[in-house]
Amino acid sequence: MAEEVVMLTGNHSVSEAVKRVKPDVIAAYPITPQTAIIEYLSKLVDSGEMDSHFIRVESEHSALAAVAGASWAGARTFTATSSQGLLYMGEWVFWTGYARLPVVMAVVNRCLAPGWSIWVDLQDSMAFRDAGWIQIYNKNNQEVFDTTIQSYKIAESKDIALPVMPCLDGFVLSHTSSKVILSDPEEVYNFVGDYSDPIIEIDTGKPFAYGSIVMPDKYNKDRKDLMEAMERAKAKIKAVNKEFSETFGRTYGNGLIEKYGDDDADLTIVGIGTMADETQQAIDMLTSEGLKVNSVRVRTFRPFPTEDIIDIAKKNHKLLVIDRSVSFGHEGHLQMEIESVLKRNSIDTPVIGKVMGLGGEDVPYTRIAKVAKENL
Amino acid sequence: MPTTLKDLMNNPKEALLKGHFACAGCGSALAFRHAIGAIADKAVVVIPACCTSVYQGFGRGVAFDVPTINVAFASSDAVAAGIKHAMEKKGKEAHVVAWAGDGGTADIGIATLIGACDRQDNILHIMYSNNVYSNTGGQRSGDTPIGARTTTTPFGNKAQRKMVPFIMMANNASYVATASVAYIPDLVDKVKKAISYDGFKFIEIDASCPVAWKSDSADSIKVARLAVETGVWPLFEWDNKSNKAVLSKRGSKFRNKENRKPIEEWLNIQGRFKGMSDEEIKNLYADVDRQWTFLEKFLE
Ligand SMILES: Cc1ncc(C[n+]2csc(CCOP(=O)(O)OP(=O)(O)O)c2C)c(N)n1
């Protein structure tokens with residue numbers, strides 16, 4: 001089987017990637033807009049096309065608990081969720097991050113209730129930015145496919161050993177078909193490699209205890225190790241992005257951020273997810289009008305691309321940060337991080353923040369262009 | 001051949017080593033030693049938040065000589081299921097045991113417990129019941145008997161006891177049993193039998209807690225034995241193939257009420273029942289009757 005070019009939803013782009021990396025154990029629980037990912041996988045497992053164990057758990061809390069268990073036993077694992085499901089998993093999101101299990105969990109971003117709404121914003125995954133997971137936000141379905149594959153290579157590296165959350169905007173990507181190049185299954189599998197030498201593996205012949213009572217010195221050492229692994233992950237994500245591009249010919253900026261437009265600009269629009277992709281159209285429009293604007297898409301929110309942000313801020317006159325999530329009582333999450341990076345490094349480039357697109361509010365490029373003009 | 005006390009002294013491998021932190025007279029630690037000891041060479045234990053997460057010890061001094069994974073309170077069966085599936089996929093043999101208290105089983109963990117049972121995940125859940133949340137200082141759980149004074153029912157628990165074994169029977173576990181720290185060889189036999197079944201297995205052990213029960217730590221076995229002899233704690237086995245319950249040899253004669261000691265004998269050696277009114281005692285008797293009436297439907 002060779003490469004295929006198909007029209008595919010974001011959800012099935014995840015499933016197709018997962019099929020190619022051949023996880024040993026999948027456990028999942030349905031929630032819109034994620035459900036199609038696991039429905040497709042359960043069909044592949046039951047029809048024998050995939051040789052994985054699929055555990056149809058009774059809740060998201062158990063979904064992540066089960067894949068964590070499997071990961072402790074040395075298995076390659078997968079799960080997926082959205083919104084309330086991610087919140088319900090909450091205890092295990094931290095547990096998995098702190099345990100540094102190389103679990104891959106696709107999060108299809110959806111806003112939080114009340115009221116009931118199934119549309120996108122990033123409040124769900126942003127609520128877990130402190131849980132010790134690598135978070136990679138995607139701009140289109142091709143990237144969703146590619147990032148899911150890359151996630152395994154990053155998570156399972158022994159020098160990283162962190163769970164990875166590929167995030168995709170609900171409906172905008174999850175339920176919208178677009179052109180996706182599905183790389184040859186064998187090539188994908190070879191790129192990721194097998195997981196026969198796991199990070200951790202339960203063995204009845206070699207008893208060990210995991211997660212027993214811990215004193216503050218050891219506790220602090222573990223958290224410091226996690227911090228350092230996150231720091232190392234930056235180079236790893238870049239390297240995997242590069243290797244991926246050499247193997248498959250597709251690349252996403254330097255892996256951490258993706259720049260668009262002329263380097264020299266009066267205003268840089270910083271964004272995340274599909275809104276950052278929409279921003280690129282706004283840049284085209286504004287540039288054609290003779291304005292000096294460019295954009296940056298933050299691809300990994302954790303680890304945060306601090307060095308790249310410093311670099312960009314130093315070169316530019318002004319930053320306009322567009323957030324699709326917010327910390328009530330403060331400001332947008334992306335803005336918060338960028339301001340802290342600038343402050344810490346004594347960079348006085350002005351930052352303007354704008355929260356848009358909550359609860360699936362449509363944000364067309366024309367609106368982004370308008371906001372940019374207002375702030376030029 | 002049923003296990004004898006002599007057999008227990010010749011266990012090839014100890015699951016519980018010296019240096020654990022369990023209180024004197026802890027029923028859970030005693031049960032762990034023998035239940036997990038019976039399958040120690042192939043056991044993997046998953047422990048949710050409970051006293052066992054504490055008394056195992058810490059750092060390099062963990063006193064469990066079997067792979068031990070400590071997990072969030074409401075998730076032991078899901079983690080155990082994940083481990084079992086992964087080990088099966090990798091072609092490895094193991095008896096994966098979710099070892100949880102009554103809180104982690106009957107209350108916060110019950111959805112997860114029944115979920116794993118519905119799927120017939122090939123694991124064994126052992127619920128040691130000290131009838132309270134001991135770890136957090138002895139609050140009422142769903143498995144607290146009527147009349148017990150706990151830190152959240154200072155004037156006596158009024159709610160009926162949640163009989164988890166019956167719930168597991170109704171949900172078609174492959175094997176269900178009750179056991180007691182007063183009858184260790186019987187417990188060991190039940191654990192060994194349980195692992196011979198495919199699918200989801202469940203055992204509840206009545207495990208004394210001198211701290212919460214306000215009993216003498218030297219009386220832990222005595223209290224547990226009285227629970228059986230008064231009919232408060234029926235000892236039985238059931239499997240889904242026969243859909244029949246069988247009373248264990250040690251407890252079978254207490255099916256007949258005439259052979260039972262008065263429940264007051266069990267109540268009186270524990271401080272937790274001090275001050276029970278006649279009304280409460282009457283209600284406790286009725287709750288015990290309710291359990292036997294249910295069980296009778298499955299007995300020959
Ligand atoms: C989600 C959550 N809620 C509450 C707690 C606090 N907690 C820890 S152990 C425990 C009680 C455990 O009771 P049980 O399962 O009966 O075991 P025992 O302590 O009696 O051994 C509680 C309430 C927790 N760890 N996690």
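The values are calculated or read from the model by the stated rules, or taken from the named source; none is laboratory data. The structure displayed is predicted, hence computed values, not measured ones. Positions of Cβ are generated from backbone atoms using ideal geometry, with glycine treated the same way; all protein chains shown enter the neighbour counts. Each accessible area value is taken on the protein alone, full model and side chains, heavy atoms only, with ligands, DNA and RNA left out. Shrake-Rupley method; radii C 1.70, N 1.55, O 1.52, S 1.80 Å.
Structure data summary
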quantity: Residue-span extension gain [A:D263 to A:L376] - 0.36 nm each, minus C-alpha spacing; calculated: 39.1 nm
quantity: Alpha-carbon gyration tensor eigenvalues x 5, square-rooted, for region A:257-374, Å; calculated: 20, 18, 12
quantity: Whole-number percent relative contact order across region B:5-296, with pairs defined as alpha carbons under 8 Å at least 6 apart; calculated: 17
quantity: For chain A, fraction of C-alpha pairs farther apart than 32 Å, in %; calculated: 30
quantity: Chain B: most fluctuating residue of B:F273, B:F166, B:F236 per GNM, C-alpha cutoff 10 Å; calculated: B:F166
quantity: Net charge dipole size for the protein assembly as shown [Lys, Arg +1 and Asp, Glu -1 on Cβ; Debye, nearest 20]; calculated: 2000
quantity: Charge-dipole axis of the protein assembly as shown as Lys and Arg at +1 and Asp and Glu at -1 on Cβ define it, positive-most pick from A:L112, A:Y365, A:T300; calculated: A:L112
quantity: Fully extended contour minus Cα-Cα distance, from B:C23 to B:D216, at 0.36 nm per residue; calculated: 68.3 nm
quantity: Cα gyration tensor category, rounded, prolate or oblate, for region B:43-142 with a/c compared to 1.5; calculated: oblate
quantity: In sequence order, calculated HN-Hα J values of region B:272-278 (Karplus, 6.51, -1.76, 1.60; Hz; x Gly/Pro); calculated: 5, 9, 4, x, 5, 7, 4
quantity: Gyration tensor (alpha-carbon) shape descriptor, region A:1-61, a/c threshold 1.5; calculated: oblate
quantity: Unit charges at the beta carbon, dipole of chain B: most positive-side option, B:A49, B:P154, B:L284; calculated: B:A49
quantity: Long-range amide H partners of B:Q139 with built H, under 5 Å; calculated: B:Y133, B:T151
quantity: Carbon/sulfur fraction of accessible area - region B:5-296, other protein chains in place, 1.4 Å, %; calculated: 54
quantity: Rough spin-label spacing in nm, given labels placed 7 Å along Cα→Cβ, for A:V214 and B:K297; calculated: 4.7
quantity: 5 angstrom amide H check on A:L320, placed H, neighbours 5+ away; calculated: A:T268, A:I269, A:V270, A:I352
quantity: Region B:191-300: Cα Rg divided by the 2.2 N^0.38 Å rule of thumb; calculated: 1.18
quantity: Local net charge near B:C50, Cβ-Cβ under 12 Å (Lys/Arg +1, Asp/Glu -1); calculated: -2
quantity: Karplus-derived 3J(HN,Hα), 6.51/-1.76/1.60, for each residue of region A:66-76, Hz, glycine and proline x; calculated: 5, 5, 5, x, 5, 5, 4, 7, x, 9, 7
quantity: All-pairs alpha carbon distance profile, region B:97-154, 5 Å steps from 0, percent; calculated: 5, 20, 26, 20, 13, 9, 5, 2, 0
quantity: Accessible solvent surface per residue of the protein assembly as shown, calculated while the other protein chains remain in place, 1.4 angstrom probe, Å²; calculated: 38
quantity: A:I200 paired with A:S178, simple spin-label distance in nm, labels 7 Å along Cα-to-beta-carbon; calculated: 3.7
quantity: Selection from A:T287, A:L8, B:A80, by position along the positive dipole direction of the protein assembly as shown (Cβ); calculated: B:A80
quantity: Within-11-Å neighbourhood charge of B:E265 [Cβ basis; K, R +1; D, E -1]; calculated: +2
quantity: Links that overshoot a 31 Å alpha carbon limit, given the list B:K190/B:K261; A:K224/A:K292; A:K238/A:K373; B:K158/B:K257; B:K13/B:K253; calculated: A:K224/A:K292; A:K238/A:K373; B:K13/B:K253
quantity: Chains A and B together, accessible area buried on both sides, 1.4 angstrom probe, square angstrom; calculated: 2900
quantity: For region A:257-374, share of DSSP beta bridges that run antiparallel, in % to the nearest 5; calculated: 25
quantity: Residue-averaged beta-carbon neighbours from other chains (10 angstrom radius) around A:196-206; calculated: 4
quantity: Solvent-accessible area of A:I352 with every protein chain in place, 1.4 Å probe, in Å² to the nearest 10; calculated: 40
quantity: Under 5 Å, built H, 5+ apart or other chain: amide partners of A:N109; calculated: A:L168, A:D169, A:G170
quantity: Extended-chain gain in nm, criterion 0.36 nm per residue less alpha-carbon gap, A:E246 and A:Y98; calculated: 50.0 nm
quantity: Three-way shape label, region B:5-296, alpha-carbon gyration tensor, a/c 1.5; calculated: prolate
quantity: For residues of A:209-219, the mean tally of beta carbons on other chains within 10 Å; calculated: 6
quantity: Rough spin-label spacing in nm, given labels placed 7 Å along Cα→Cβ, for A:E307 and B:R60; calculated: 3.7
quantity: Global size of region A:91-238 as Cα Rg and Dmax, reported in angstrom; calculated: 17.3, 52
quantity: Region B:259-300: translational diffusion in µm²/s, Stokes-Einstein, Kirkwood Rh over Cα pairs, 4 °C, 1.567 mPa s; calculated: 111
quantity: Residue-count net charge about B:M168 - beta-carbon cut-off 10 Å; Lys, Arg +1, Asp, Glu -1; calculated: 0
quantity: Most to least packed among A:84-93, A:14-23, B:191-200 [average Cβ atoms within 10 Å]; calculated: A:14-23, A:84-93, B:191-200
quantity: Charge dipole magnitude, Cβ of K and R +1, D and E -1 - chain A, Cα centre, debye nearest 20; calculated: 700
quantity: Rg to Rh quotient for the protein assembly as shown, alpha carbon positions, Kirkwood Rh; calculated: 1.06
quantity: In order through region B:239-250: 3J(HN,Hα) via Karplus (6.51 cos²θ - 1.76 cosθ + 1.60), integer Hz, x for Gly, Pro; calculated: 9, 7, 5, 8, 6, 10, 9, 10, 6, 6, 3, 5
